[in-house]
Amino acid sequence: MYYDTYMNEPFNVMLAEGGKTNSLGRVGEVIEAVLSNHDRLDELYSCMLNDDDWIKMRAADAMEKICRLHPNWVEPYTDTFILGLNNDPQPSIQWHLAQIYTQVDLSDSQRATVILWLESILSTTDVDWIVAANAMTALKYFTDQGHYTAEKMREIFILQQKHSSKSVAKKASKLLSELM
């Protein structure tokens with residue numbers, strides 16, 4: 001009975017609930033609902049555009065976790081992510097997009113846009129630490145795939161070694177050492 005109830009419950013309601021606002025709340029149930037009926041992916045995507053930042057964060061987390069399992073389900077949303085969400089200032093949207101972009105097949109044009117977006121994010125040390133960490137990982141991925149030069153990446157990682165977050169500076173140093 002409970003299973004049937006949440007399988008049909010609106011995602012915006014489910015993602016608004018669930019304990020403390022900084023928790024993932026009912027994300028697991030949303031993921032389960034989408035895995036049972038991937039036609040509900042549109043509904044999940046619309047939650048990423050919600051005015052409530054906590055709903056957006058939880059929706060982005062669910063979308064990224066679904067992408068890990070079924071990147072082909074998420075690929076049709078790539079253009080809408082690029083056009084509609086790359087400029088979203090919310091860190092949780094940015095770090096989840098960085099993760100998603102390394103899991104889906106991108107066209108040359110999409111990849112070029114994503115790489116410019118990652119460069120923009122990492123052009124300053126005044127960026128959320130989780131965003132910086134995930135953006136660096138994504139840029140390293142594109143470098144390893146031959147779509148970005150190690151020279152450009154080196155410059156960006158040297159800058160990120162000056163980030164106020166010790167974990168970002170350490171990650172930048174680690175990724176830099178992998179280039180040498």
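The values are calculated or read from the model by the stated rules, or taken from the named source; none is laboratory data. Computed from a predicted model, the values in this text were never measured in an experiment. Every residue, glycine as well, gets a Cβ built from its backbone with ideal geometry; the counts of neighbours run over all protein chains shown.
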For this session: Look at residue 61 and say whether it is over 15 Å from the mean Cα position of the chain (by Cα) and either within 19 Å of residue 12 (Cα to Cα) or of a type outside the set (Gly, Ala, Ser) (or both).
Result: no
Seminar exercise, completed: Counted residues in the range 144-156 being modelled with pLDDT of 95 or more and either within 17 Å of residue 130 (Cβ to Cβ) or β-branched (Val, Ile, Thr) (or both) come to 1
For this session: Output the number of the condition that residue 89 fails; it satisfies all remaining conditions of (1) within 23 Å of residue 119 (Cα to Cα); (2) in contact with a helix residue (DSSP H, G or I) (Cβ under 9 Å, 6 or more places away or on another chain).
Result: (2)
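Report the residue count in the range 116-138 for those that are under 19 Å from residue 171 (Cα atoms) and part of a helix (DSSP H, G or I). Spell out the reasoning first.
Step one: filter the range 116-138 for residues under 19 Å from residue 171 (Cα atoms), giving 118-138.
Still in the list and also part of a helix (DSSP H, G or I): 118-121, 129-138.
Going through the range 116-138 one residue at a time, the tally reaches 14.
Identify, from the list 68, 26, 40, the residue that is under 15 Å from the mean Cα position of the chain (by Cα) and charged (D, E, K, R). Can you show your working first?
Numbers: 26 fails: under 15 Å from the mean Cα position of the chain (by Cα); 40 fails: under 15 Å from the mean Cα position of the chain (by Cα).
Step by step, each of 68, 26, 40 is checked, and only 68 is under 15 Å from the mean Cα position of the chain (by Cα) and charged (D, E, K, R).
Looking at 84, 25 in this structure, which one is of a type in the set (Gly, Ala, Ser), in contact with a Leu (Cβ under 8 Å, 6 or more places away or on another chain) and loosely packed, with under 15 Cβ neighbours inside 10 Å? Outline the logic, then answer.
Working: 25 fails: loosely packed, with under 15 Cβ neighbours inside 10 Å.
On inspection, the qualifying residue turns out to be 84.
Conditions (1) farther than 23 Å from residue 26 by Cβ; (2) outside the structural domain of residue 32 (by TED's automatic domain parsing), marked per residue:
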residue	(1), (2)
64	no, no
72	yes, no
84	yes, yes
90	no, yes
98	yes, yes
112	yes, yes
116	yes, yes
122	yes, yes
130	no, yes
Exercise. Pairs, please: C-beta under 9 Å, at least 6 apart or cross-chain, first residue over 15 Å from residue 93 (Cβ atoms) and in the range 56-70, second assigned to a helix (DSSP H, G or I) and among the basic types (Lys, Arg)?
Worked result: none
Exercise. Taking the condition in contact with a Lys or Arg (Cβ under 9 Å, 6 or more places away or on another chain), farther than 28 Å from residue 47 by Cβ and either among the β-branched types (Val, Ile, Thr) or at pLDDT 95 or above (or both), does residue 137 pass?
Worked result: no
Exercise. Within the group 109, 123, which residue is in contact (Cβ under 8 Å) with a residue 24 or more places away in the chain and exposed (fewer than 14 other Cβ atoms within 10 Å of the Cβ)?
Worked result: 123
